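Note sheet for the following structure.
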Amino acid sequence: MSIMYQSTRSNSEKVTASQAILKGLADDGGLFVPDSIPAFDVPLDRLPALTYQETAYEVMKLFFDDFTEDELKNCIRGAYDDKFDTDEIAPLVKKDGVFYLELFHGKTIAFKDMALSILPHLMTTSAKKNGVTNEIVILTATSGDTGKAALAGFADVPGTSIIVFYPKDGVSPIQEKQMVTQKGANTNVVGIVGNFDDAQTGVKKMFGSRELSARMNEKGYQFSSANSINIGRLVPQIVYYVWSYGQLQKQGEISAGDTINIVVPTGNFGNILAAYYAKNMGIPIEKLYCASNENKVLFDFFETGKYDRRREFILTSSPSMDILISSNLERLIYRIAGDDAGQTEALMKALTDQGEYEITAEMRDGLTCFTGGFATEEETAHMIRQVYEKAGYVIDPHTAVAAHVCYEKAKDQGAPVVIASTASPYKFTRSVMNAVDQEKYESMGDFELVDELNQLSGVKVPPAIEEIRTAPVLHHTVCDKSEMQAAVEKILGL
Ligand SMILES: *Cc1c(COP(=O)(O)O)cnc(C)c1O
């Protein structure tokens, strides 16, 4: 029986996996969900013998069942190759009795590489399967991280091009340098005079313009989106949780069938939702700990059943988790509502109109495997220092938020705990080094800190950082927020 995808907000539109990947979002604004979550069919004791790529195939073939074996294996081969600095792709390392699943060995040294290195391949294959001959133009607004990971993923992928808009004065100097030095003939980076919301609004407007879409079609182009609600990003994230279960066996820490717990530093709820899907596929995961920073809207939700975005937005040292609307939560809401699209739609409408919603007692029963937790800025810095002092291991602020929740709630509960380690400390050198020793490092420059971190941790400076020290700036375009469409037209020659 094949899996079809439908919107979380209505039952009317049913599409195949490849169509869902191409579309990104359903027509009614809902998220595509599989009509059932397939059971994992490889015996658990066989997992330790599989490579990362083999594990990826076993997971993805169940969800993307309209891809042929060859198609899927080609996508996997093209994605998880020597772009990653380790053959294991996602190493599992034990420090002070806790397992860190390192998801930052890809091109941009953060976990978004895990999905964005395969999405371009899934997308071009989906286009071919559905008779789409247009070139796929990925249009993205970024506040920093996603833009770079998407650029790196789509660079020089035949049949695609990518245009990234970022707020000229709204990203860190390192983030900007990472983007404007991006290689690849099909990559375009445009700084805008405006903030992230302006960039986001401009992009949404272009996506919604029929007139633009018609003119693009004439020239052989069509837009698609690489954002985190695409099912082509979610499914590849299930893989590393299944993989970690095999690695725990391989390291002699568990036997097949033993339960494990997982802690995920959470923003948009995509990463932890993938762990939830892994659990639903039959991987023996008991508890899922959802770790937030001071923007703890999800913690409050798990405590009270009430989601309330009406609160102050706080800038923290874990910026990729500074989020008040966690888009992927909608897929969990849909599931705990018993796959009820009408109820999901009503709750999402309440969130838009009133800024809050409350789930029913019955729905809350579906959340018993989740526990929320959060770390303050001080607790996050303290955790970085503590893990370094105890284990000589340096973690980034996002991972530290999860580590705090782990030490507070999950560690010493019996079952082994896996922490999703989402970024290399080299990506957030200043916060990390200040956490270790504020006085000593405060006055140093960014690249000086890179060398200090290298000395402290003994971990090689990743190429992603080395490169931007010397790489030439290749993208110079800056425009006003009102000129975004004109910039796109110029790039595509419309
Ligand atoms: C995006 C990101 C997160 C949050 O992941 P979600 O899937 O949005 O919950 C956490 N840490 C880092 C480093 C990230 O880039």
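The single condition among (1) surrounded by 15 or more Cβ atoms within 10 Å (Cβ to Cβ); (2) modelled with pLDDT of 95 or more; (3) out of contact with any Ser or Thr (no Cβ under 6 Å at 6 or more places or on another chain) that TRP243 does not meet is (3).
Scanning region 22-52 for residues that are modelled with pLDDT of 95 or more, in a helix (DSSP H, G or I) and either under 19 Å from the mean Cα position of the chain (by Cα) or of a type in the set (Val, Ile, Thr) (or both) yields one hit, TYR52. The helices (runs of 4 or more DSSP H) located wholly in region 281-399 that include 3 or more residues which are surrounded by fewer than 18 Cβ atoms within 10 Å (Cβ to Cβ) occupy 297-304, 341-354, 361-365, 377-391.
You will find that of ASN74, ASN130, the residue that is surrounded by fewer than 20 Cβ atoms within 10 Å (Cβ to Cβ) and farther than 30 Å from GLN249 by Cα is ASN130 and no other.
Checking each residue in region 132-184 for being among the acidic types (Asp, Glu), under 19 Å from LEU122 (Cβ atoms) and assigned to a loop (DSSP other than H, G, I, E, B) picks out only ASP156. Being within 15 Å of the ligand (Cβ to nearest atom), modelled with pLDDT of 95 or more and within 22 Å of ASN293 (Cα to Cα) holds for only one residue in THR429, THR422, and it is THR422.
Of the residues SER209, SER224, SER292, SER213, the single one that is within 21 Å of the chain's Cα centre (by Cα), modelled with pLDDT under 95 and either of a type in the set (Gly, Ala, Ser) or within 16 Å of the ligand (Cβ to nearest atom) (or both) is SER224. For a quick check of your reading of the model, give me the residue pairs whose first member lies in region 219-230 and is touching a residue at least 40 places away in the same chain (Cβ under 8 Å) and at negative phi, whose second is outside any loop (DSSP other than H, G, I, E, B) and aromatic (Phe, Trp, Tyr), with beta-carbon atoms closer than 7 Å and at least 6 apart or on different chains. Sorted first by the residue in region 219-230, then by its partner, the pairs are PHE223/PHE207. Do the conditions hold for TYR245, that is, is it within 16 Å of the ligand (Cβ to nearest atom), among the aromatic types (Phe, Trp, Tyr) and more than 26 Å from SER431 (Cβ to Cβ)? So TYR245 fails the test.
The values are calculated or read from the model by the stated rules, or taken from the named source; none is laboratory data. Here the structure is a predicted model, which is why all the values come from computation and not from measurement. Every residue, glycine among them, receives a Cβ derived from its backbone with ideal geometry; neighbour counts consider all protein chains shown.
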